[in-house]
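Data block below; observations after.
The values are calculated or read from the model by the stated rules, or taken from the named source; none is laboratory data. Bear in mind that the values here come from a model prediction, so they are computed numbers and not experimental data. Cβ placement follows ideal geometry from the backbone for every residue including glycine, while neighbour counts extend to all protein chains displayed. Side chains are part of the model used for accessible areas, which takes the heavy atoms of the whole protein and leaves out ligands, DNA and RNA. Shrake-Rupley method; radii C 1.70, N 1.55, O 1.52, S 1.80 Å.
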Amino acid sequence: MQVHFGVGLLRAEWRKSVACVGTFDGVHLGHQAVIREAISQAQDKELPCVLVTFDRHPAAILAPARCPKSLAGLQENLEVFRELGVSATVVLPFDAELSRMSAERFLREILIGAVRASSLVVGHDFAMGNGREGNTDWLASRLPTTVVKPFEIDGVRVSSSAIRRMVSEGQVEDAARLLGRPFALSGVVVGGQKLGRQLGFPTANIARSFDQAVPAQGIYAGWLTFPGGALHGGIVDRGSPRRRGWGPDGGGLFA
């Protein structure tokens, strides 16, 4: 999968593409349904499937006080896109300038101009452009657009907000069911309280680099993935009344 950050250096040699657009935080099963539909259409037309997403949740610029915590980092999202079979992903920096861009300009310059979209696939609640003027009806009047209906499990719509709530309440198995994979935390290993020396087990204190949703305080069974792909079973300590938070002073992995 090709990855472009912004469209400044994108020089698409394909004449047409099937594009899907969205924030895709966590790439849960609902998001995957949209992406799989775009990939299927692209394969039928022998065209590349190009996914357009953003480097942060739009609320980080539009309403910072209400911006939700991320379910996954960009690296994890990109890996899921690749596994699904996306041909190329364009990650746009969602800054103040992009937030003011009209839907007409976004369609003309980004989707048609840079990505070469000849058709679109979006989710049922998708809208783009300043003031969300470019809703699904607006898009369908300008370019062939497929709107994927909500994805449900047992009659309940899969959504990022529902998964965030499950994670915050410690319901990680329920969250995994909606994500289509286990909920994951990522970060770098840093020094901590040296508890492993007292417990007799190797430990790793994880320091994150972005504002990610974390499970409720508790002890969880999990897997630890090392650079290079090595996988080990372990215990995840999400802090305690004496050690609140996550990272050097509040939680870690016991391999």
Which residues, taken from the range 126-160, are part of a loop (DSSP other than H, G, I, E, B), open to solvent by 70 Å² or more (accessible area, probe 1.4 Å) and farther than 18 Å from Ile35 by Cα? Glu133, Ser141, Arg142, Asp154
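In this structure, is Glu152 of a type in the set (D, E, K, R) and closer than 24 Å to Val3 by Cα? So that I can check it myself, show each step before the final result.
On the way: of a type in the set (D, E, K, R): yes; closer than 24 Å to Val3 by Cα: no.
No, not satisfied.
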Strands (runs of 3 or more DSSP E) lying entirely in the range 1-92 (those with 3 or more residues that are open to solvent by less than 30 Å² (accessible area, probe 1.4 Å) and at pLDDT 95 or above): 17-21, 49-54, 88-92
Determine, yes or no, whether Val172 is open to solvent by 60 Å² or more (accessible area, probe 1.4 Å) and of a type in the set (Val, Ile, Thr). no
Output the residue which, of all residues in the range 115-157 that are charged (D, E, K, R) and under 30 Å from Leu185 (Cβ atoms), is farthest from the chain's Cα centre (by Cα). Asp154
Identity of the residue in the range 181-209, modelled with pLDDT of 80 or more and in contact with a Lys or Arg (Cβ under 9 Å, 6 or more places away or on another chain), that ends up most open to solvent (accessible area, probe 1.4 Å): Val188
Out of everything in the range 93-125 that is among the hydrophobic types (A, V, I, L, M, F, W, C) and in contact with a Gly (Cβ under 6 Å, 6 or more places away or on another chain), what residue ends up being surrounded by the fewest Cβ atoms within 10 Å (Cβ to Cβ)? Ala103
Near pairs, Cβ below 6 angstrom, 6+ apart or cross-chain, from the range 71-86 (β-branched (Val, Ile, Thr)) to any residue that is buried (at least 22 other Cβ atoms within 10 Å of the Cβ): Val80/Val27; Val86/Cys49; Val86/Leu51
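Is it the case that the range 158-173 has a residue that's closer than 24 Å to Ala19 by Cα, over 18 Å from the mean Cα position of the chain (by Cα) and not hydrophobic (A, V, I, L, M, F, W, C)?
For the range 158-173, residues closer than 24 Å to Ala19 by Cα, over 18 Å from the mean Cα position of the chain (by Cα) and not hydrophobic (A, V, I, L, M, F, W, C): absent.
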Residue in the range 139-150 that is farther than 27 Å from Ser40 by Cβ, free of Cβ contacts under 8 Å to residues at least 24 places away in the same chain and not β-branched (Val, Ile, Thr) present: no
Would you mind stating whether Ile163 is assigned to a helix (DSSP H, G or I), at negative phi, β-branched (Val, Ile, Thr) and without any contact (Cβ under 8 Å) to a residue 40 or more places away in the chain? no
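Run down Val167, Val156, Val189, Val172 and say which single residue is in contact with a strand residue (DSSP E or B) (Cβ under 6 Å, 6 or more places away or on another chain) and of a type outside the set (Phe, Trp, Tyr).
Step by step, each of Val167, Val156, Val189, Val172 is checked, and only Val189 is in contact with a strand residue (DSSP E or B) (Cβ under 6 Å, 6 or more places away or on another chain) and of a type outside the set (Phe, Trp, Tyr).
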Condition first: closer than 19 Å to Ala72 by Cα, part of a loop (DSSP other than H, G, I, E, B), touching a residue at least 40 places away in the same chain (Cβ under 8 Å) and open to solvent by less than 40 Å² (accessible area, probe 1.4 Å). Can you find one or more residues in the range 216-228 that meet it? yes
